[in-house]
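The values are calculated or read from the model by the stated rules, or taken from the named source; none is laboratory data. These numbers come from a predicted model, not from an experiment. No Cβ is skipped: glycine too gets one built from the backbone with ideal geometry, and neighbour counts run over all protein chains shown. Calculation scope for accessible area: heavy atoms of the full protein, side chains included, ligands and nucleic acids excluded. Shrake-Rupley method; radii C 1.70, N 1.55, O 1.52, S 1.80 Å.
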Amino acid sequence: QVQLVESGGGLVQAGGSLRLSCGASGRTFNAMAWFRQAPGKEREFVAAVNWPGSTRYSDSVKGRFAISRDNAKNTAMLQMNSLKPEDTAVYYCSAAAGLGLPYRAYDYNYWGQGTQVTVSS
């Protein structure tokens, strides 16, 4: 049974940092990604990393967030720096078996339950 479990969310002041982790079990994946969804908004792509370590970011987080993975532990991490109130959302870990480094939600087959990130001004 495939399972993705996120951890590391919380409340932080603007300008602060948080680190999210996602542990996968049941199988390995080529691409792992983070998406987020704020109240009243659609789920949006944040960052993705593939097995060899190539990365992709949305323009809104580029230069502030860093995604990485530990293939031996089947985990993906998202280091979030210089956080802004507009980063407030539920953050979801996702994983895809296919090739490439997709940024669209429908390309990802598996999803975690989400972790809340709140950035206060």
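Things worth noting here:
- Accessible area of the chain divided out per residue, in Å², using a probe of 1.4 angstrom: 51
- Table column - 3J(HN,Hα) (Hz), segment 18-30, Karplus curve with 6.51, -1.76, 1.60, x for Gly and Pro: 9, 10, 9, 10, 9, x, 9, 9, x, 5, 9, 10, 6
- Note on the chain: Cα-only Rg and Dmax are 13.2, 40 Å.
- Gap separating the Cα centres of segment 47-63 and segment 2-42, nearest whole Å: 13
- Here the chain is assigned +1 on the Cβ of each Lys and Arg and -1 on the Cβ of each Asp and Glu. Its dipole about the Cα centre then comes out at about 140 debye.
- The apolar share of the surface of the chain, taken as the fraction of accessible area on carbon and sulfur atoms (1.4 Å probe, ligands and nucleic acids excluded), comes to 48 percent.
- Descending semi-axes in Å of segment 8-77, equivalent ellipsoid built from Cα gyration tensor: 22, 14, 13
- Rounded to the nearest whole Hz, the Karplus-based 3J(HN,Hα) values (6.51 cos²θ - 1.76 cosθ + 1.60, θ = phi - 60°) of segment 59-67 follow the sequence 4, 6, 10, 4, x, 10, 10, 9, 9, with x at glycine and proline.
- Over segment 50-108, the alpha carbon radius of gyration divided by the compact-protein estimate 2.2 N^0.38 Å works out to 1.18.
- Whole-Hz ³J(HN,Hα) from phi, Karplus 6.51 cos²θ - 1.76 cosθ + 1.60, for segment 8-14, glycine and proline x: x, x, x, 10, 9, 7, 3
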